[in-house]
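The next block holds one structure in the form of structure tokens; read it before the comments.
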Amino acid sequence: MLRLPTHTRLFVNDLHKVRLVPDKLPSTRMTMTINTITRAISDPSADGIARGIGALVTDESLPAGTRLPTVRELADALDVSPTTVGDAWQILRRHRIIDTEGRRGSFVREISMGPSVRYWQVPATGGAIEIDLGSGVPDARLLPNPLKSLQSLAGTPAVASYLEAPVLPELEDILTRRWPFEPERLTVLNGAMDALDRLIQATVNIGDKVGISDPGFPPLFDMLDLAGAESIPLPLDAEGLEPNAVEGGVASGMSVLIVQPRAHNPTGISMTASRRDELAAILAKAPITILEDDHSGLVSNAELFSLGEVIPSQVVHVHSFSKSHGPDFRIAAVGGAAEPISAVERRRMLGPSWTSRLLQEILATMLRSKPIEASVEQAARTYARRRADLVGELATHGIEVAGEHGLNIWIPVSDEATAVPMLSAHGIGVARGRPFRLIPADTHFIRVTTSALDSNIQEIAIRLAEAAEGGLGVPEQNGGQR
Ligand SMILES: Cc1ncc(COP(=O)(O)O)c(C=O)c1O
């Protein structure tokens, strides 16, 4: 007896010929997948199809492992040519969103959360660390004590309600008055990283081009990878992001730009007023959303020149209070362009909905306090002095570093794999440069946090200079960094 596979149908053309053809009817599950995809696609070009599917993968409507329809099935469903779907499949493969496994078909890829994630490589220290210059954190001794503010909270804090406004009105008032430009919307989230994570989810679809400084902050690179973005590395010079590189990003279709306006981590570079104007003129030419990460805020010791002062409708400015008032507050204010902020707020309503109003109340009390304001200003000056002291000492050893602000310096070394263990053998922990690079480069660096450096500076500079040389020759002067 002739056994037929279940997925084939028997066509009897005439009494003599029997023809087997593959079943053209998709299974119920595949029909659901096709419906999900067709509903998500408003632009039936190859790019539009890839974006639509990318968005479905991002929000897990198409989870990892989902089998995708064949090119012909989707082309029929969307009423486009198979070549268009074939091109969309190619885009999705290029962005490592799908895999095609020969005759088995195409599948949504698993996004790797493995050890290659850069953030977990920072700081890379070993041995017994007595002097930790690797962690990028503020000096606990320079943070204001919140106890007095806690004690002076007026009345009974509103801890009983799900229904109050997400931002405490008095905090909103203080923040709006301090904002570098008039924000269309303003909210409070749980620190700059929470804000950027949510803003990236709200503004970046798989395959989107996102400009970001290289070197830059490792968790941001990771977030962009996980969002499926195509990250565009943008070099810095002494005044901020290089205009030519930003112009190139705009020309290539960049849709989001992430900027650290001052005290750039890891280099300490701050954007000047003229660079702000130059970049704003370039960015105004395209519908680009700019996410501005003012992570060191009030202790940057640098004037803030925000792109939002020139092109406010394109900018979401994030101001963190972690470095000035304490990372444990987990509070950042987020203000600027209404649409991305509203999208974040709408999505967050399904989860935590707001940032503890008790914490907001303590922060508002601290921001109103003149003595605390003075102590934060004093902390900013202290950080600036500590950084400048080490930079000055390094200069006496022939080591020049870029940037003038913030808690970190970015030191060129001949070989970071040698420099880090050399320092750790002396009890000094630093972070190696590699995770701070978007694109691995031949040049080597270490990142040194100067926030708590109030003694032994000469000795530490000697150790850093030895490690920079690594016994392998003279360190490159600033390498790929300008
Ligand atoms: C560039 C950058 N963004 C964000 C953050 C973290 O900010 P927050 O503590 O507000 O999440 C840091 C902390 O060092 C940083 O360097």
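Considering each residue of the range 250-273, count those that are away from the ligand (no atom under 14 Å from the Cβ), among the polar types (S, T, N, Q) and in contact with a Phe, Trp or Tyr (Cβ under 9 Å, 6 or more places away or on another chain), and give that number. Quick ask: steps written out before the conclusion?
Taking the range 250-273 as the starting set, the residues that turn out to be away from the ligand (no atom under 14 Å from the Cβ) are 250-257, 272-273.
Adding the requirement that they be among the polar types (S, T, N, Q) leaves 252, 255, 272.
Within this subset, residues satisfying the condition of being in contact with a Phe, Trp or Tyr (Cβ under 9 Å, 6 or more places away or on another chain) are 272.
Result for the range 250-273: 1.
Scan the range 195-234 for residues that are assigned to a helix (DSSP H, G or I) and in contact with a strand residue (DSSP E or B) (Cβ under 7 Å, 6 or more places away or on another chain) and jot them down. I'd like the intermediate steps shown before the answer.
Initially, the range 195-234 is screened for residues assigned to a helix (DSSP H, G or I), giving 195-203, 218-226.
Once the filter is applied, which keeps residues that are assigned to a helix (DSSP H, G or I) and in contact with a strand residue (DSSP E or B) (Cβ under 7 Å, 6 or more places away or on another chain), the range 195-234 yields ALA195, LEU196, ARG198, LEU199, THR203, LEU220, PHE221, LEU224.
Here is a check on your reading of the model: is ILE341 touching a Lys or Arg at 6+ places or on another chain (Cβ under 7 Å), away from the ligand (no atom under 16 Å from the Cβ) and at negative phi?
Working: touching a Lys or Arg at 6+ places or on another chain (Cβ under 7 Å): yes; away from the ligand (no atom under 16 Å from the Cβ): yes; at negative phi: yes.
Here the answer is yes, as ILE341 does meet what is asked.
So, in the range 247-281, how many residues would count as being surrounded by fewer than 24 Cβ atoms within 10 Å (Cβ to Cβ) and free of Cβ contacts under 8 Å to residues at least 40 places away in the same chain?
Within the range 247-281, residues that are surrounded by fewer than 24 Cβ atoms within 10 Å (Cβ to Cβ) and free of Cβ contacts under 8 Å to residues at least 40 places away in the same chain number 13.
Please work out which residue is nearest to the ligand (Cβ to nearest atom), limiting yourself to the range 315-338 and to residues that are surrounded by fewer than 20 Cβ atoms within 10 Å (Cβ to Cβ) and under 23 Å from GLN201 (Cβ atoms). I'd like the intermediate steps shown before the answer.
Of all residues in the range 315-338, those surrounded by fewer than 20 Cβ atoms within 10 Å (Cβ to Cβ) come to 326-328, 330, 338.
Then keep just the ones that are under 23 Å from GLN201 (Cβ atoms); that gives 327, 330, 338.
Values: PRO327: 5, ARG330: 7, ALA338: 22 Å.
The selected residue is PRO327.
Can you name every residue in the range 200-218 that is at pLDDT 95 or above and within 12 Å of the ligand (Cβ to nearest atom)?
Going residue by residue through the range 200-218, those that are at pLDDT 95 or above are 200-204, 209-217.
Residues satisfying the conditions are ILE212, SER213, PRO215, GLY216, PHE217.
Only one of (1) modelled with pLDDT of 80 or more; (2) on the phi > 0 side of the Ramachandran plot is not met by GLY155, so which one is it?
Result: GLY155 fails condition (1) only.
Among LEU196, LEU234, LEU283, which is the only one that is more than 30 Å from ASP328 (Cα to Cα) and either within 11 Å of the ligand (Cβ to nearest atom) or within 18 Å of the chain's Cα centre (by Cα) (or both)?
Details: LEU196 fails: more than 30 Å from ASP328 (Cα to Cα); LEU283 fails: either within 11 Å of the ligand (Cβ to nearest atom) or within 18 Å of the chain's Cα centre (by Cα) (or both).
Going through LEU196, LEU234, LEU283 in turn, just one is more than 30 Å from ASP328 (Cα to Cα) and either within 11 Å of the ligand (Cβ to nearest atom) or within 18 Å of the chain's Cα centre (by Cα) (or both): LEU234.
If the requirement is being modelled with pLDDT under 95, not in a loop (DSSP other than H, G, I, E, B) and not small (Gly, Ala, Ser), which of these qualifies: GLU164, GLU170? First the steps, then the outcome.
Working: GLU164 fails: not in a loop (DSSP other than H, G, I, E, B).
Of the residues listed, the single one that is modelled with pLDDT under 95, not in a loop (DSSP other than H, G, I, E, B) and not small (Gly, Ala, Ser) is GLU170.
Go through SER342, SER353, SER320, SER313 for me and flag whichever is in contact (Cβ under 8 Å) with a residue 12 or more places away in the chain, closer than 16 Å to VAL137 by Cα and not assigned by TED's automatic domain parsing to the domain that holds ALA452. Steps first, please.
Working: SER342 fails: closer than 16 Å to VAL137 by Cα; SER353 fails: closer than 16 Å to VAL137 by Cα; SER313 fails: closer than 16 Å to VAL137 by Cα.
None of the others qualify; the one that does is SER320.
Here are ARG463, ARG434, ARG482, ARG447: which of them is at pLDDT 90 or above, of a type outside the set (A, V, I, L, M) and under 28 Å from the mean Cα position of the chain (by Cα)?
Numbers: ARG463 fails: under 28 Å from the mean Cα position of the chain (by Cα); ARG434 fails: at pLDDT 90 or above; ARG482 fails: at pLDDT 90 or above.
Exactly one of ARG463, ARG434, ARG482, ARG447 is at pLDDT 90 or above, of a type outside the set (A, V, I, L, M) and under 28 Å from the mean Cα position of the chain (by Cα), namely ARG447.
Would you point out the residue of the range 286-310, among those that are more than 14 Å from the ligand (Cβ to nearest atom) and acidic (Asp, Glu), that is nearest to ALA140 (Cα to Cα)?
The selected residue is GLU303.
Residue by residue, here is whether (1) touching a Leu at 6+ places or on another chain (Cβ under 8 Å); (2) assigned to a loop (DSSP other than H, G, I, E, B) holds:
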| position | (1), (2) |
| --- | --- |
| ALA379 | yes, no |
| ALA384 | no, no |
| GLY398 | no, yes |
| VAL401 | yes, yes |
| GLY406 | no, yes |
| ILE409 | yes, no |
| PRO412 | no, no |
| THR418 | yes, no |
| LEU438 | no, yes |
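May I ask you to list the residues in the range 242-261 that are of a type outside the set (Asp, Glu) and more than 16 Å from the chain's Cα centre (by Cα)? Walk me through it before giving the result.
Just the residues of the range 242-261 that are of a type outside the set (Asp, Glu), to begin with: 243-246, 248-261.
Of everything in the range 242-261, those that are of a type outside the set (Asp, Glu) and more than 16 Å from the chain's Cα centre (by Cα) turn out to be PRO243, ASN244, ALA245, VAL246, GLY248, GLY249, VAL250, ALA251, SER252, GLY253.
Which condition number does ARG67 fail, the rest of (1) modelled with pLDDT of 85 or more; (2) buried (at least 20 other Cβ atoms within 10 Å of the Cβ); (3) not polar (S, T, N, Q) being met?
(2)
Select from the range 175-194 the residues that are farther than 19 Å from LEU363 by Cβ and in a helix (DSSP H, G or I) and list them in ascending order.
none
The values are calculated or read from the model by the stated rules, or taken from the named source; none is laboratory data. This structure is a prediction, so every number in the text was calculated from the model and none was measured. Please note: Cβ atoms are built from the backbone with ideal geometry, for glycine as well, and neighbour counts cover all protein chains shown.
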